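First up is the structure itself, then whatever we jot down about it.
The values are calculated or read from the model by the stated rules, or taken from the named source; none is laboratory data. Keep in mind the model is a prediction, meaning the values are calculated, not measured. Positions of Cβ are generated from backbone atoms using ideal geometry, with glycine treated the same way; all protein chains shown enter the neighbour counts.
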Amino acid sequence: MSPGHRKNTGGPVLITHRDVTGKAFALLLIMVLGVLAVNVAQQLPPEARSGGNVVNALEADGGRIYSLLPVRGERLEGLGLGYMVPRGRVERGGPVSLSTVRDSGLLRAYSVPPDRLASTPEGNCVFLPSSPRVDGPRPAGMIHHGCRSQRKVALTFDTTEVLEPESRVIIETLTALRAPATIFVCGGWCHANPELLRMAIDHGFEIASHSYNHPYFTRLSDAEIEWQLRSTENAVLEIGGAPIAAYFRPPYGDIDARVEQVVCGLGYDIIYWSRDTSDWKPATVQSQIRDRATVGTRGGDIILMHTNGTYTSQALVEIVNNLRADGFELTTVSGVLQP
């Protein structure tokens with residue numbers, strides 16, 4: 001029997017000085033290794049520490065796999081519209097930022113930020129451009145459609161100024177279909193439906209202005225028009241935490257030259273539509289909404305619908321599927337306005 005040990009005769013085990021020393025040394029070693037690991041992790045760039053944000057799915061030359069890493073200020077989280085990594089070729093090795101992939105032409109993309117990257121159920125990559133901000137006067141005029149040379153269409157939805165619980169079905173259905181859209185909100189709707197506004201923003205939908213309480217704008221003074229727009233801006237920012245897109249759609253389509261000058265002077269583009277589903281009318285049935293949105297559709301079309309239409313949510317699945325089957329890419333108003 002070696003010194004420092006005693007035979008176990010069935011009684012209590014005696015821990016000798018050597019046992020205590022060994023355990024203490026092991027504990028000290030574990031602590032040192034832990035501190036070293038923390039120090040090493042802190043030396044890594046933020047994107048390398050992001051864990052779940054690192055996606056090894058970019059196929060390049062020779063079948064090599066590259067890591068698509070977010071760089072400072074970029075986000076890869078898949079919001080409501082979903083996220084997918086493109087597959088293709090890159091010209092350099094090592095970690096590749098989303099911006100690098102975009103600039104290499106691997107994304108069907110035309111702007112940032114990357115957290116607005118959406119994917120269709122078939123895996124086609126759709127990149128949604130950033131919305132313009134309200135930052136100064138714009139040329140007077142009305143926009144009825146986007147770029148006709150590309151097969152892209154924008155689904156748009158107008159709200160009212162009151163509580164609209166049915167809006168949730170629209171947002172959830174579009175999200176499930178991976179279908180981007182622009183929602184023209186009233187400021188009053190934002191206050192009455194704060195959770196739905198935040199849901200729409202978090203899910204990546206473009207949010208634009210439809211006034212504060214849905215009045216006829218030709219009956220308002222210039223000062224009242226400004227109040228309508230600024231109050232809605234503030235509601236979206238304060239409740240949703242995001243700036244509104246610099247797009248305005250007049251309630252009832254009510255506008256004249258004076259209103260046009262005032263609205264554009266306040267920093268907004270006036271967005272009309274090229275296809276009207278008339279889904280707000282009680283007599284309009286589901287098949288009519290579908291056909292008005294999809295039959296004879298052209299590239300650049302801006303399709304008008306409403307969050308409170310009786311059969312709108314029921315028609316959405318057919319509308320989205322039919323448009324995609326006809327080869328159209330669904331995008332936002334910003335998307336169809338891109339050349």
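When residues of region 294-317 are filtered for being surrounded by 17 or more Cβ atoms within 10 Å (Cβ to Cβ) and in contact (Cβ under 8 Å) with a residue 60 or more places away in the chain, how many remain?
14
Hey, could you check region 246-275 for residues that are more than 15 Å from E226 (Cβ to Cβ) and of a type in the set (G, A, S) and say which is surrounded by the fewest Cβ atoms within 10 Å (Cβ to Cβ)?
Here the answer is A257.
Please give the helices (runs of 4 or more DSSP H) falling wholly within region 172-239 in which 3 or more residues are of a type in the set (S, T, N, Q) and either modelled with pLDDT of 95 or more or over 13 Å from F157 (Cβ atoms) (or both).
Fully inside region 172-239 and qualifying: 222-235.
It is to be established whether one or more residues within region 231-244 are in the same structural domain as V153 (by TED's automatic domain parsing), surrounded by 15 or more Cβ atoms within 10 Å (Cβ to Cβ) and under 19 Å from V336 (Cα atoms).
Yes: region 231-244 contains one or more residues that are in the same structural domain as V153 (by TED's automatic domain parsing), surrounded by 15 or more Cβ atoms within 10 Å (Cβ to Cβ) and under 19 Å from V336 (Cα atoms).
Could you tell me whether W280 is in contact with a His (Cβ under 6 Å, 6 or more places away or on another chain) and surrounded by fewer than 23 Cβ atoms within 10 Å (Cβ to Cβ)?
Taking the combined requirement at face value, the residue satisfies it.
Can you pull out the residues in region 280-333 that are closer than 20 Å to G146 by Cα and either of a type in the set (A, V, I, L, M, F, W, C) or not assigned by TED's automatic domain parsing to the domain that holds G146 (or both)?
Hits for region 280-333 are A293, V295, I302, I303, L304, M305, I319, V320, L323, F328, L330, V333.
Of E224, E166, E161, which residue is within 17 Å of W280 (Cβ to Cβ) and surrounded by fewer than 18 Cβ atoms within 10 Å (Cβ to Cβ)?
E166
Is one or more of the residues making up region 152-166 closer than 20 Å to I239 by Cβ, over 11 Å from the mean Cα position of the chain (by Cα), outside the structural domain of Y216 (by TED's automatic domain parsing) and modelled with pLDDT of 90 or more?
The answer is no, given that none of the residues of region 152-166 is closer than 20 Å to I239 by Cβ, over 11 Å from the mean Cα position of the chain (by Cα), outside the structural domain of Y216 (by TED's automatic domain parsing) and modelled with pLDDT of 90 or more.
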